[in-house]
Amino acid sequence: MTHYSRSEDIVLTIYIRDPDRTMLAKRLVLSSGLLGKGSVSLAARGYATIGTAADGGPFVPPFIPLVSESGFPGAVGNTPLVRLNKLSDETGTNIYGKAEFMNPGGSVKDRAALFIIQDAEKKGLIKPGGTIVEGTAGNTGIGLAHMCRARGYKCVIYMPNTQSQGKIDHLRRLGAEVYPVPAVAFDNPDNYNHQAKRHADRLDNAVWTNQFDNVANRQAHIETTGPEIWAQTNGKLDAFTCATGTGGSLAGTTRYLKEISNGRVKAFLADPPGSVLHSYISSGGKLIERSGSSITEGIGQGRVTDNLKPDIELMDGSLTISDEKTINMVYRLLDEEGLYLGASSCLNVVAAYEVAQKLGPGSTVVTLLCDSADRYADRLFSRKWLQSKNLDVLPEHLQKYIVLE
């Protein structure tokens, strides 16, 4: 959101929905006579204050409720920004999580799914009744499956067989054909992405959406996530951080925030064990052999994807987050904030917490709360599973949440 004042009027750019794009910029000219003291009474009635009016007071636009005339696709995005109060107070900073689990398909990947399918339609790569094929660790597949039902396409998903059974079952309930295949490196021809491409090539009227290297994924976050965060913080943020799988969320959001702030907003990549991107950034561009593994799903990478490549030089640094810190944050956020989040979301929060500590008191840091814990509950809250990963190390007061054997 951007705005500026003239002597008589305010010109405001807001983001609204329409059936063809997730967000559209629309310029509104508001008479200065609508501002001033009147804004105080509006604020008292619960409207949000955004920006500064011509007279120096708060500018309060009327609340515009979201109505999606296009159904599921138009409901993607515009998620709340949630202050993580305990962590913020502990550090003397403002740590916010963007509640991407509130997207209609339940995750941040709804944004990429929408833009990827729209891009294929605009390029004439798919026609009504066709088939969308993707290789995915889960959430992009779920977003695509929802979008395919809404758009009338068939959906085929290839995924590593290391993913949770909950995600596989969820995809099948959405009508997708799911093929769990052995998890092998990207340079192996049997990698799940390559198998997905071959499947699409065998069909008529089908497209492999190629989420890792299809830059429509990144564009989703340039056009929606970045502008939403900027508007929600009124431009008063110091840093953004999140982990990356395809690279779209981190790259696109970083690109927007860097450009609109003239480089002032810092960006940090968060990495789980087993990923090479932290070492790539900290070493100045040297890829090392991938080793180790993580409990997180859908994040971490062994290469620089086409989505990440244009923006990786914009990173101000990176962090590697241990599984021990991540699992502790899963339980801590549930206990302290009432937030029931998956491991990748909690890794992001650990990263935001560490960035906030680095930047110091008064700073504002934003991250993404990618999805809820629902799809991983049979693991994250199982004592047997935690013990199998050597992660049954929670403080006594958090043990009560381990409710599964």
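Just so you know, all these numbers are worked out from the coordinates, no wet-lab data involved. Quantities reported herein were computed from a predicted structural model and do not represent experimental measurements. Neighbour counts run over all protein chains shown; Cβ positions are idealised from the backbone, glycine included.
If you average 1/r over all unlike Cα pairs in region 261-362 and invert the result, what Kirkwood radius do you get in angstrom?
Hydrodynamic radius (Kirkwood, Cα pairs) of region 261-362 is 14.6 Å.
For region 145-293, what does the alpha-carbon gyration tensor say about shape, rounded, prolate or oblate, given a ≥ b ≥ c as the root eigenvalues, a/c under 1.5 as rounded, and a/b over b/c as prolate?
Oblate is the answer for region 145-293, as a/c is 1.5 or above yet b/c matches or exceeds a/b.
Out of region 195-255, which trypsin sites (Lys or Arg not before Pro) are coil in DSSP terms and have no more than 16 other C-beta atoms within 10 Å?
On the way: sites: 197, 198, 202, 218, 236, 255; in loops: 236.
Qualifying residues, ordered by number: 236.
Considering only DSSP beta bridges where both residues belong to region 127-204, give the percentage that are antiparallel (nearest 5).
On the way: 0 of 10 bridges.
Given both bridge residues lie in region 127-204, the antiparallel proportion sits at roughly 0 percent.
Express the relative contact order of region 124-178 as a whole percentage, based on alpha carbon pairs under 8 Å and six or more residues apart in sequence.
The normalised contact order for region 124-178 reaches 39 percent.
Let me test this: with uniform point scatterers at the alpha carbons of region 104-146, what is the Debye-based log₁₀ I(q)/I(0) at q = 0.23, 0.34, 0.35 1/Å?
-0.77, -1.21, -1.24
Taking a 20 Å limit on the Cα-Cα distance, which of the listed pairs 325/389; 127/197; 86/389; 127/309; 122/309; 98/389 fall beyond it?
Flagged as over cut-off: 86/389; 127/309; 122/309; 98/389.
For the modelled label position 7 Å from the Cα of residue 203 along Cα-to-Cβ, which residues of region 105-136 have backbone nitrogen atoms closer than 19 Å?
113-136
Report the gain in length on full extension from residue 149 to residue 261: 0.36 nm times residue separation, minus Cα-Cα distance, nm rounded to one decimal. Intermediate results must be reported in sequence, preceding the final value.
Working: separation 112, 0.36 × 112 = 40.32 nm, distance 3.84 nm.
Extra length available between residue 149 and residue 261 comes to 36.5 nm.
Non-local amide H neighbours of residue 319 (under 5 Å, H modeled in plane, Pro and chain starts lacking H): which ones?
Residues meeting the amide H criterion: 269, 270, 271.
Can you list which of the GluC sites (Glu not before Pro) found in region 237-323 are DSSP loop residues with at most 15 other C-beta atoms within 10 Å?
Listed in order of number, the matching sites are 289.
Out of residues 5 or more away from residue 94 or on other chains, whose amide H comes under 5 Å of its own, with H placed 1.01 Å from N in the peptide plane?
Hits under the 5 Å cutoff: 362, 363, 364, 365.
Distance from a point 7 Å along Cα→Cβ of residue 293 to each backbone N in region 319-353: keep the residues under 15 Å and list them by number.
Under cut-off, by backbone N: 323.
So for region 77-123, taking the charge dipole from beta-carbon charges (+1 Lys/Arg, -1 Asp/Glu), which of 77, 117, 103 sits furthest toward the positive end?
It is 117.
How would you classify region 127-204 from its alpha-carbon gyration tensor, with a ≥ b ≥ c the square roots of the eigenvalues: rounded for a/c under 1.5, else prolate if a/b is greater than b/c, otherwise oblate?
Oblate, since a/c reaches 1.5 and b/c is not below a/b.
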